[in-house]
1. From the helices alone, meaning DSSP H stretches of at least four residues, give me the mean residue ellipticity at 222 nm for the chain, per-run term -39500 (n - 2.57), in deg cm²/dmol to the nearest 500.
2. Rank the residues Cys362, Cys356 as a footprinting-exposure proxy: fewest other Cβ atoms within 10 Å of their Cβ go first.
3. Could you compute the FRET efficiency for Ala233 and Ala314, with r as their C-beta to C-beta distance and R0 at 45 Å, rounded to 0.05?
4. Could you tally the net charge around Thr96, taking each other residue with its Cβ under 14 Å from the Cβ of Thr96, Lys/Arg +1 and Asp/Glu -1?
5. By how many degrees, between 0 and 90 and to the nearest 10, does the Cα long axis of helix 58-74 differ from the longest principal axis of the chain?
6. Please work out the ratio of the alpha-carbon Rg of region 50-166 to 2.2 N^0.38 Å and round it to two decimals.
7. In percent, how large is the relative contact order of the chain, given Cα pairs closer than 8 Å and 6 or more residues apart?
8. Which of Thr147, Thr100 comes first, and how do the rest follow, when ranked by fewest Cβ neighbours within 10 Å?
Amino acid sequence: MRLPVIAVVATVVLLAGCSTPQPTPVPSFSASAAPKPGDGTLRIGTLFPVTGAASYIAPAQAAGVALAIADVNAAGGVAGTPLDLLARDSGEASGTTLETSFSDLVAGGVDVVIGPSSSLLAARAIPLAATAGIALISPAATFPSLTTAADDGYFFRTIPAYGHQGLALGEVLSESGPEKIALLYIDDEFGRALAPTLARGLEQHGSTLALSQGIPVGTTDLSIVIDQVKAAAPDAVVLGSTYASVDATKALITAVIAAGYGGSKLWLTTQNTGDYSQALPGGTLTGVNGIIEGFQPDDAFIARLKTVDSSLTAYRYAAEAYDAVILAALAAVQGGDAGSAIAENLGDVSVGGLKCGSFAECLNPLQAGQDIDYDGVSGPLNFTPEGDISPAYYGLYTYDGENRFVFSRGLLAG
């Protein structure tokens, strides 16, 4: 739940929807000779999975942070002082590396932590951040439950929450006109978060959710569910499950395709769009669609990332990590570099003011007392009162004959 630290920006955030006309820039705070909270140096901490099974996603995020710090420092830093960086390993959920690393970051005096990438680890880091008074911004944690975590207003994420994808799916599924859609989902926190947003997203674009059917965890007989799909006669079927439970996901995919809903009639979601080249017979998923949250970096941004790490070959979450640093730096310029001040000002610099697209572009109006709205590399990044973002970018994918998903295009939705 969101508590008092961001109450001062809640009204601004709530009034700034996706289609709200741009307000005339007005001062959002008064110039004052009084010192701002903090010691004058913005210290950035990172918690990425340097070790463990997810270590392959750490380099891109680390490069995004390094590039953002370089950009901020090139523009003069925060209050004329360069940013500092302290990087630590988040480890895996099965160990206690996160807690040890967080203690190191606190001892090092960091004001904001970028990470963790894992939702499970983010849930463990949130109370640590709240206790220490350190803003925590994850570029990759999507679990729905993080939206309502008791964070005292210290947790934010530059990646959309899992359920938000329903708004994107509602839009893309309706592009050719009104459609009837069936949603089959494993009855867990993911499925329960997706169902209402998909219904809303479809309704907003003239389509309908003809069937929304939760499947109890562990169900092996899918015949009743498939009969319900056939009775609903949808134009397309959306499957809400997780790639981690690959056996259940494979069974669901196979049953739905056998019922006549393969190819372009089938959509996988952000937790089950993955590589099935070794999991399903070749050609099973040809033409099937998938969606994954996050911005697909373009060639220009990739080239910039390679200036700080020439060995990069994957770029997922790099843009979200970059924007997390820029937002933290802008919040520190406005309110001071103390962790509590950053958390209090993150919402304000993200929405509802003069639009600007870089730290350097935002700096002068911000220092002049204008309210700003940073639109970043990864999207508009409008923080909600809960610390989520909306609208958000998604990548849309199509499966090839080898059951591998191939990027098709990006979509901003919400």
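1. Values: 12 runs with 144 residues, N = 414.
Counting only the DSSP helices, I get -11000 deg cm²/dmol.
2. Lowest count first: Cys356, Cys362.
3. E between Ala233 and Ala314, to the nearest 0.05, is 0.65.
4. Charge balance near Thr96 sits at -2.
5. That works out to roughly 30 degrees.
6. Working: Rg = 14.3 Å, N = 117, 2.2 N^0.38 = 13.4 Å.
So region 50-166 has a normalised radius of gyration of 1.07.
7. Once normalised by length, the contact order is 23 percent.
8. If I rank by nearby Cβ atoms, fewest first, I get Thr100, Thr147.
The numbers here are math on the coordinates, done by the rules we state, and not lab data. The shown structure was predicted, so the numbers you read here are calculated from the model rather than taken from an experiment. All Cβ positions, glycine included, derive from the backbone under ideal geometry; neighbour counts span all protein chains shown.
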